[in-house]
Amino acid sequence: EVRLVESGGGLVKPGGSLRLSCAASGFTFSNAWMSWVRQVPGKGLEWVGHIESKTDGGTTDYAAPVKGRFTISRDDSKNTLYLQMNSLKSEDTAVYYCTTEDNWNYDSWGQGTLVTVSS
Amino acid sequence: QSALTQPASVSGSPGQSITISCTGTTSDIGSYTLVSWYQQHPGKGPKLMIFDVNKRPSGISNRFSGSKSGNTASLTISGLQAEDEADYYCCSYAGSSAVVFGGGTKLTVL
């Protein structure tokens, strides 16, 4: 059974940084493309970005609102996905979900971790 | 990219069928067959219900079906059941390695 468990969320001041982690199990993580999707509480979903498997090149892509501030990385030896968030803004406040990705479809999701950016 | 447009809410009685529309543009839904639909119950992560416009993942009931015409995709749920009550989101590839989601539709089973 695919299992994705996000962690690392919390309260951070505007301009601060935070790193989220996503521990994966139940599938061959090194072969998987992985994504981050966020959701402002009570609002819709927003794609944050993704990372290809290393065998497919390991390329990352980001949504315009986070490009240059967020970095997605992976450690296949630990079956873990990361989201490094810098220069955080109040509009980054959201629940962040880790997902597996297959051709732009998001087939398994974690339970999410809440990031609150506030002074 | 702007979010895809979905109705804020739809409702139906048990056993009935409902359809949720998702309107995009020629840059997203109109250009690709990479449209997916997600179900989200309160406090839970989303669940993939339909991918590639009209395909169902393993384990998803055949009461759920998807279609596309022009710039609009649709999700139809037949034989409504109480457990179908949830939020539903559409999603489309939008080119240049970008993805856009809809604003979500709250389904109420009366």
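The values are calculated or read from the model by the stated rules, or taken from the named source; none is laboratory data. Keep in mind the model is a prediction, meaning the values are calculated, not measured. Virtual Cβ from ideal backbone geometry, glycine too; neighbours counted across all protein chains shown. Only protein heavy atoms, including side chains, enter the accessible area calculation; ligands, DNA and RNA are left aside. Shrake-Rupley method; radii C 1.70, N 1.55, O 1.52, S 1.80 Å.
Observations, loosely collected:
- For chain B, B:CYS91 have no disulfide-compatible partner, since no other Cys C-beta lies under 4.7 Å from theirs.
- 1.4 Å probe, heavy atoms, protein only - residues of region B:94-110 losing at least 20 Å² accessible area vs chain alone: B:SER97, B:VAL99, B:PHE101
- Overall shape of region B:11-108 was characterised from the C-alpha gyration tensor. The equivalent ellipsoid obtained from it has semi-axes of 23, 14, 12 Å, in decreasing order.
- DSSP bridge orientation in the protein assembly as shown - percent antiparallel, rounded to nearest 5: 90 percent
- Expressed as a whole percent, the accessible area of region B:1-64 that falls on carbon and sulfur atoms is 46 (1.4 Å probe).
- Note on B:TYR93: accessible area is roughly 30 Å² with a 1.4 Å probe, heavy atoms of protein only.
- About its Cα centre, region A:58-107 has a charge dipole of approximately 280 debye under the convention of +1 per Lys or Arg Cβ and -1 per Asp or Glu Cβ, with nothing else charged.
- For B:LYS106, a cut-off of 19 angstrom between C-alpha atoms picks up these lysines, skipping any fewer than 8 places away in its own chain: A:LYS43, B:LYS44, B:LYS47.
- Value of relative contact order over chain A, rounded to a whole percent, pairs C-alpha under 8 Å and six or more apart: 36 percent
- Once you reduce region B:36-92 and region A:38-68 to the center of their Cα atoms, the two points are 22 Å from each other.
- Gain on full stretching of the segment that runs from A:PHE27 to A:LYS43 - 0.36 nm per residue minus C-alpha separation: 2.7 nm
- Region A:32-89 - Rg (one decimal) and Dmax (whole number), Cα, Å: 12.1, 37
- Summed buried accessible surface, chains A and B, 1.4 Å probe, nearest 100 Å²: 1400 Å²
- Kirkwood Rh and Cα Rg combined as Rg over Rh, evaluated for the protein assembly as shown: 0.96
- Surface exposure of chain B, expressed per residue as accessible area with a 1.4 Å probe, stands at 44 Å².
- Set of aspartates and glutamates near A:LYS54 by C-alpha distance (under 16 Å), chain-local residues within fewer than 8 positions excluded: A:ASP75, A:ASP76, A:GLU101, A:ASP102
- 10 °C / 1.306 mPa s Stokes-Einstein diffusion coefficient of region A:1-115, Kirkwood radius on C-alpha pairs, µm²/s: 113 µm²/s
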